[in-house]
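Working notes, structure below.
The values are calculated or read from the model by the stated rules, or taken from the named source; none is laboratory data. Just so it is clear, the structure is predicted and the values come from calculations on it, not from any experiment. Cβ sites come from the backbone with ideal geometry, for glycine too, and all protein chains shown count toward neighbours.
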Amino acid sequence: MDLGDVDGEVDVSLDYTGLQRSEQVMTESDTVRDRIAFLRGLRSVRDFRPDPVPREIVDDLLEVARWSGSANNSQPWELVVILDRETLRSLAAVEGYAKHLAGAPLGIVLVMAGEPERVGHETYDEGRLSERIMLAAAVHGVGSCIGWFAGDGRQAAKTLLGIPASRLVRTVLSLGYPDDEARRARPKREQPRKPLAEIVHQERYRDTE
């Protein structure tokens with residue numbers, strides 16, 4: 001991989017020499033580029049239409065979640081699927097950053113095992129699980145946004161959902177079909193990304209300042 005800086009850009013082309021034939025089939029085909037564009041295009045959705053998410057789609061999301069990777073295959077999670085609008089509004093009101101739940105037709109609360117000696121592992125796995133569910137939702141045209149229970153909000157969420165005190169509850173996903181009109185009405189904000197030349201280092205860290 002050549003990361004030479006040319007006019008502020010980085011060449012991130014990969015050298016496939018040495019890969020087995022079966023590993024080379026996914027290179028520069030249109031299908032691959034479409035998938036890369038899909039992954040790049042995932043954005044949080046906070047405005048939802050009231051239409052329910054069909055059960056078969058919810059089942060797909062849960063199946064993808066079930067197959068998400070975890071440290072030592074510990075699978076340290078359980079999922080609470082919430083369709084009740086009153087419960088969603090109550091969760092949106094607790095301390096944290098999940099107000100978008102109030103307008104969502106579907107919420108999924110991630111319940112982690114909460115083992116004190118594995119908090120670091122569970123934090124890592126929790127992020128992987130969240131992203132997997134959000135990507136699976138996007139495949140079906142379902143928008144999503146990650147939320148976070150903070151402070152007393154974590155215990156409040158446990159109480160609302162009957163979750164045992166020993167479990168760790170902090171992440172929640174709101175899901176639903178995007179309300180495009182509401183999104184267009186929001187003030188537009190640029191979302192630039194840093195160039196690769198600024199964030200990628202080859203072999204050793206280099207001073208970019």
So which residues in region 158-176 are touching a Gly at 6+ places or on another chain (Cβ under 9 Å) and either basic (Lys, Arg) or crowded, with 21+ Cβ neighbours inside 10 Å (or both)? Arg167, Leu168, Val169, Arg170, Thr171, Val172, Leu173, Ser174, Leu175, Gly176
For a quick check of your reading: which helices (runs of 4 or more DSSP H) sit entirely within region 150-200 and have at least 1 residues that are over 19 Å from Phe48 (Cβ atoms)? 152-161, 196-199
Tally the residues that are of a type in the set (A, V, I, L, M, F, W, C) and assigned to a helix (DSSP H, G or I), restricting the search to region 128-149. 8
Do we find a residue being of a type in the set (Val, Ile, Thr) and buried (at least 22 other Cβ atoms within 10 Å of the Cβ) anywhere in region 137-157? yes
All but one of (1) outside the structural domain of Val94 (by TED's automatic domain parsing); (2) without any contact (Cβ under 8 Å) to a residue 12 or more places away in the chain; (3) among the small types (Gly, Ala, Ser) hold for Ala197, so report the exception by its number. (2)
Name the residues in region 160-186 that are under 21 Å from Val81 (Cα atoms) and free of Cβ contacts under 8 Å to residues at least 12 places away in the same chain, would you? Gly162, Pro164, Ala165
If you take the residues in region 40-58 that are loosely packed, with under 10 Cβ neighbours inside 10 Å and part of a helix (DSSP H, G or I), which one is modelled with the lowest pLDDT? Arg40
If you take the residues of region 59-108 that are among the aliphatic types (A, V, I, L, M) and either in a loop (DSSP other than H, G, I, E, B) or outside the structural domain of Ser166 (by TED's automatic domain parsing) (or both), which of them is nearest to the chain's Cα centre (by Cα)? Ala98
